[in-house]
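The values are calculated or read from the model by the stated rules, or taken from the named source; none is laboratory data. Just so you know, these numbers come straight off a predicted model, no measurement behind them. Cβ placement follows ideal geometry from the backbone for every residue including glycine, while neighbour counts extend to all protein chains displayed.
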Amino acid sequence: MKGKGGAAFAGTLLGEGEGLGIEWPDRWTKHKWFLLISVCTIFMYGLGGAVFAVLTWFQTWIYSDVMFVADYDILVLITVSSAILLLTFLIGITGTILNSRPILAIYALLLWPAFASILTIGYTSYKRSTFALDRKLNFAWSQWYTSLDRLIIQNALHCCGFYNSMHEVTASKTCYVRTSLPGCKAKLWAFEKMNLDKIWFLVFGVVVPLHVANIFVAMCCANHVTVRFGKGIMPKRYWLKGEDVKRDAERILGSIGAVARPGVVRASSSGVFREDKAEVSSVLEDESCTIYGHSERL
């Protein structure tokens, strides 16, 4: 019976949303619903970036190895940004479910470094794609790419050399002097232009506006995750001060007026009082004699 009673009490607490600080959806405020939807959207594009980064790192889609070589820095930025977004999601969903304003404050703070990482991805890809992409690829092929990097690009794009099979080529079974394969410049430029444009357009056109909206929702709704505002502390202007207490005391004393002190109580002059006094004195004398005689015998 005791175990059943404890289980019933625990069920009652959970049913009322107490104990763990969790409230059921029918008791959620509209601010909490908006906050939950916002946190879920962060999970969506954070997870999308993480999946894309993992697939590229493991070279599971076509031309992923080309991006691994040509846009290695952007791939690292996508990985780091996705990790920050997923961490922000975990903190945000925890604070939302537990109605914890301190955790939601950390969540709102983490949205800013996540926003900076997203902007870095968009700016880097836009700058590389827009300003002299062909010259950047020429310089990278000549100065930055190793022989292994050139071989990876040649095998992925089915080309040989940069301009032709006699210009800065890495020899292989399919790439040699008299091969019929074209140079890699045109194919590499086309892939880089398409890939970089997709990245910065997706960042600036979709992720950035959505993330700005999530920052706005976090700032407006994090402190209203429950009906009670803030931590339940009375605003400072309503705090009770010492001057207020003194003023109230003076007002109360003024309304009551002077308090009359009781007079000195004197002994009554009636005969009854004198008789009682005589009886008490005689009893005291008898007791003192008894005590004195007892001490002499000892």
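Within region 159-180, identify whether any single residue is under 30 Å from residue 49 (Cβ atoms) and part of a helix (DSSP H, G or I), and answer yes or no. Break it down stepwise before answering.
To start, the set of residues in region 159-180 that are under 30 Å from residue 49 (Cβ atoms) comprises 159.
Adding the requirement that they be part of a helix (DSSP H, G or I) leaves none.
No, region 159-180 contains no residue that is under 30 Å from residue 49 (Cβ atoms) and part of a helix (DSSP H, G or I).
What helices (runs of 4 or more DSSP H) completely inside region 80-158 contain at least 3 residues that are farther than 22 Å from residue 196 by Cβ? Full working, then the answer.
On the way: elements: 101-130, 133-139, 147-157.
Where helices (runs of 4 or more DSSP H) fall fully within region 80-158 and carry at least 3 residues being farther than 22 Å from residue 196 by Cβ, they are 101-130, 147-157.
Only one of 173, 136, 198 is under 24 Å from residue 62 (Cα atoms) and in contact with a helix residue (DSSP H, G or I) (Cβ under 7 Å, 6 or more places away or on another chain). Can you tell me which? Write out each step before concluding.
Numbers: 173 fails: in contact with a helix residue (DSSP H, G or I) (Cβ under 7 Å, 6 or more places away or on another chain); 198 fails: in contact with a helix residue (DSSP H, G or I) (Cβ under 7 Å, 6 or more places away or on another chain).
Within the list 173, 136, 198, the selection yields 136.
Got a sec? Which of 41, 56 is over 17 Å from residue 114 (Cβ atoms) and either among the hydroxyl-bearing types (Ser, Thr, Tyr) or at pLDDT 95 or above (or both)?
Details: 41 fails: over 17 Å from residue 114 (Cβ atoms).
Criteria check complete, one pass: 56.
Among the residues of region 218-252, write down those that are modelled with pLDDT of 75 or more and closer than 16 Å to residue 102 by Cα.
Kept after step one, since they are modelled with pLDDT of 75 or more, are these residues of region 218-252: 218-223, 241-252.
Matches in region 218-252: 218, 219, 220, 221, 222, 223.
So in region 141-187, with the set limited to residues that are surrounded by fewer than 17 Cβ atoms within 10 Å (Cβ to Cβ) and small (Gly, Ala, Ser), which one is farthest from residue 70 (Cα to Cα)?
Going through the qualifying residues, I end up with 180.
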